[in-house]
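Below: the structure, in structure tokens.
The values are calculated or read from the model by the stated rules, or taken from the named source; none is laboratory data. As the structure is a prediction and not an experimental result, all values here were calculated from the model. Virtual Cβ from ideal backbone geometry, glycine too; neighbours counted across all protein chains shown.
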Amino acid sequence: MTTQPDPLPPIELAAPDISVHRAGNIGVDYVSSFDSGKPGPHVMLQALTHGNELCGAIVLDELLRAGLRPAAGRLTVAFANTQAYANWNPADPDVSRFVDEDYNRVWSDEVLSGPRDSVELRRARELGGFVARADYLLDIHSMREPCPPLMVCGVAGRGGEKGAAMARRMGVPRHLLIDTGHPAGPRMIEHGGYSQPASPRTAVLIECGQHWERASVDVARETVRRFLDVTGVLDYGRSAWTGDAPARALPSPGGQDDDAPRVVRVTHAVVARSLSFRFAGDYRGLEVIERAGDPIAYDGEETIRAPYDRTVLVMPSKAHLRIGNTMVRLGRFDD
Ligand SMILES: [Zn+2]
């Protein structure tokens with residue numbers, strides 16, 4: 001038996017026309033930045049780090065059209081990989097992820113200031129100053145597989161803990177990830193002070209659910225509201241730019257209810273070594289394998305087994321089976 005890619009999930013979302021935001025107000029295409037005139041942090045919201053992830057574009061388009069402005073500090077709203085997004089095609093929805101390379105793997109000083117060139121590097125060099133100057137950054141993403149929402153808080157010992165602390169204050173989503181980064185290169189949330197534990201600057205990355213499912217927009221909207229609230233640039237109750245009520249009351253600090261956020265620490269990456277890689281179950285992500293030694297996947301002659309009790313599966317990939325690709329990451333709950 002070989003692993004066949006899952007059929008394409010249905011496309012429930014329409015890609016918004018964001019051309020009205022192109023001019024922006026600060027001299028860089030698709031960047032708008034608003035100063036409240038009052039003291040406060042510089043908060044940055046970013047969508048379209050990956051050009052086929054629609055929910056962030058939908059929510060930031062709504063927010064800009066509604067004329068939302070910060071009550072304190074500065075709010076910067078950016079659409080990142082707009083060149084990739086211009087290639088959006090619902091009949092081939094993976095093609096607009098990037099043009100030349102993954103925009104979210106180029107965020108080292110060496111690469112950004114080095115001689116290499118690509119569509120994504122040019123854009124990263126345009127937006128790099130905003131990313132470097134913001135006190136708080138929310139990078140809005142979605143996932144290829146239908147997985148519950150999760151917050152990527154950063155790398156253990158390199159900013160992941162302060163990201164998780166911020167996500168706990170936000171109270172959403174339920175699952176917070178402290179991971180090991182990507183060998184292909186650092187993400188925006190690891191750039192500069194974001195990855196320095198002593199720096200107050202904090203960045204988090206929300207994975208809102210499957211790329212094209214309607215619910216991902218609700219997750220993105222609620223996450224943006226709470227991010228604006230905890231960073232202090234806008235009250236939660238006043239950040240309802242669509243007119244509808246916030247999804248639910250903010251959790252009480254230290255709340256112990258079943259929905260209280262939980263941190264998953266990634267410890268292992270499982271890489272495909274053959275084209276016969278297949279999972280032992282129909283995993284969607286965040287399943288818990290109860291016992292050490294239980295099978296997770298089969299790869300050629302090898303059985304990949306849970307390294308410890310209560311192993312958590314993080315973002316299993318069924319769409320991108322290639323030798324050398326990370327197929328799933330494994331982690332454990334902090335508590
Ligand atoms: Zn993404």
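For first residues located in the stretch 292-317 and assigned to a loop (DSSP other than H, G, I, E, B), partners that are of a type in the set (Phe, Trp, Tyr) and lie 6+ apart or on another chain with Cβ distances below 9 Å form the pairs 292/308; 300/277; 310/333; 316/279; 316/283. Total residues in the stretch 168-222 satisfying the condition of being assigned to a helix (DSSP H, G or I), among the polar types (S, T, N, Q) and within 14 Å of the ligand (Cβ to nearest atom): the figure is 1. Checking the structure you have, find out if any residue of the stretch 59-81 is part of a loop (DSSP other than H, G, I, E, B) and within 16 Å of the ligand (Cβ to nearest atom). Yes: one or more hits.
Might you check whether a residue that is surrounded by fewer than 22 Cβ atoms within 10 Å (Cβ to Cβ), of a type in the set (S, T, N, Q), farther than 17 Å from residue 33 by Cα and modelled with pLDDT of 95 or more occurs anywhere in the stretch 96-104? Among the residues of the stretch 96-104, not one is surrounded by fewer than 22 Cβ atoms within 10 Å (Cβ to Cβ), of a type in the set (S, T, N, Q), farther than 17 Å from residue 33 by Cα and modelled with pLDDT of 95 or more, which makes the answer no. Condition (residue is outside any strand (DSSP E or B), of a type outside the set (Phe, Trp, Tyr) and within 16 Å of the ligand (Cβ to nearest atom)) applied to the stretch 29-41: is it met by at least one residue? Scanning the stretch 29-41, I find no residue that is outside any strand (DSSP E or B), of a type outside the set (Phe, Trp, Tyr) and within 16 Å of the ligand (Cβ to nearest atom), so the answer is no.
Just wondering, is there one or more residues in the stretch 48-55 that are part of a loop (DSSP other than H, G, I, E, B) and out of contact with any strand residue (DSSP E or B) (no Cβ under 7 Å at 6 or more places or on another chain)?
So in the stretch 48-55, the residues part of a loop (DSSP other than H, G, I, E, B) come out as 48-53.
From the residues that got through so far, the ones that are out of contact with any strand residue (DSSP E or B) (no Cβ under 7 Å at 6 or more places or on another chain) too are 51-52.
For the stretch 48-55, residues part of a loop (DSSP other than H, G, I, E, B) and out of contact with any strand residue (DSSP E or B) (no Cβ under 7 Å at 6 or more places or on another chain): present.
Scanning the stretch 109-126 turns up no residue that is charged (D, E, K, R), in contact (Cβ under 8 Å) with a residue 12 or more places away in the chain and under 22 Å from residue 216 (Cβ atoms).
Every listed requirement among (1) surrounded by 19 or more Cβ atoms within 10 Å (Cβ to Cβ); (2) more than 16 Å from the ligand (Cβ to nearest atom); (3) within 30 Å of residue 8 (Cβ to Cβ) is met by residue 128 save one, (3). Being in contact with a helix residue (DSSP H, G or I) (Cβ under 9 Å, 6 or more places away or on another chain), assigned by TED's automatic domain parsing to the domain that holds residue 218 and either within 15 Å of the ligand (Cβ to nearest atom) or of a type in the set (S, T, N, Q) (or both) is true of residue 120. Residue 295 satisfies every condition listed in (1) in contact with a Phe, Trp or Tyr (Cβ under 8 Å, 6 or more places away or on another chain); (2) surrounded by 13 or more Cβ atoms within 10 Å (Cβ to Cβ); (3) not hydroxyl-bearing (Ser, Thr, Tyr) except (1). Among the conditions (1) free of Cβ contacts under 8 Å to residues at least 24 places away in the same chain; (2) within 16 Å of the ligand (Cβ to nearest atom), residue 236 misses just one, which is (2). Looking only at the stretch 153-167, filter to residues that are in a strand (DSSP E or B) and among the small types (Gly, Ala, Ser); which one of those is nearest to residue 197 (Cα to Cα)? Looking at residues that are in a strand (DSSP E or B) and among the small types (Gly, Ala, Ser), I get 159.
Can you tell me which residues in the stretch 15-56 are aliphatic (A, V, I, L, M) and at negative phi? Give the derivation first.
Step one: of the stretch 15-56, the residues aliphatic (A, V, I, L, M) are 15, 18, 20, 23, 26, 28, 31, 43-45, 47-48, 54.
The answer is 15, 18, 20, 23, 26, 28, 31, 43, 44, 45, 47, 54.
Suppose the filter is touching a residue at least 60 places away in the same chain (Cβ under 8 Å) and assigned to a helix (DSSP H, G or I); does residue 132 pass it? Can you show your working first?
Working: touching a residue at least 60 places away in the same chain (Cβ under 8 Å): yes; assigned to a helix (DSSP H, G or I): yes.
Here the answer is yes, as residue 132 does meet what is asked.
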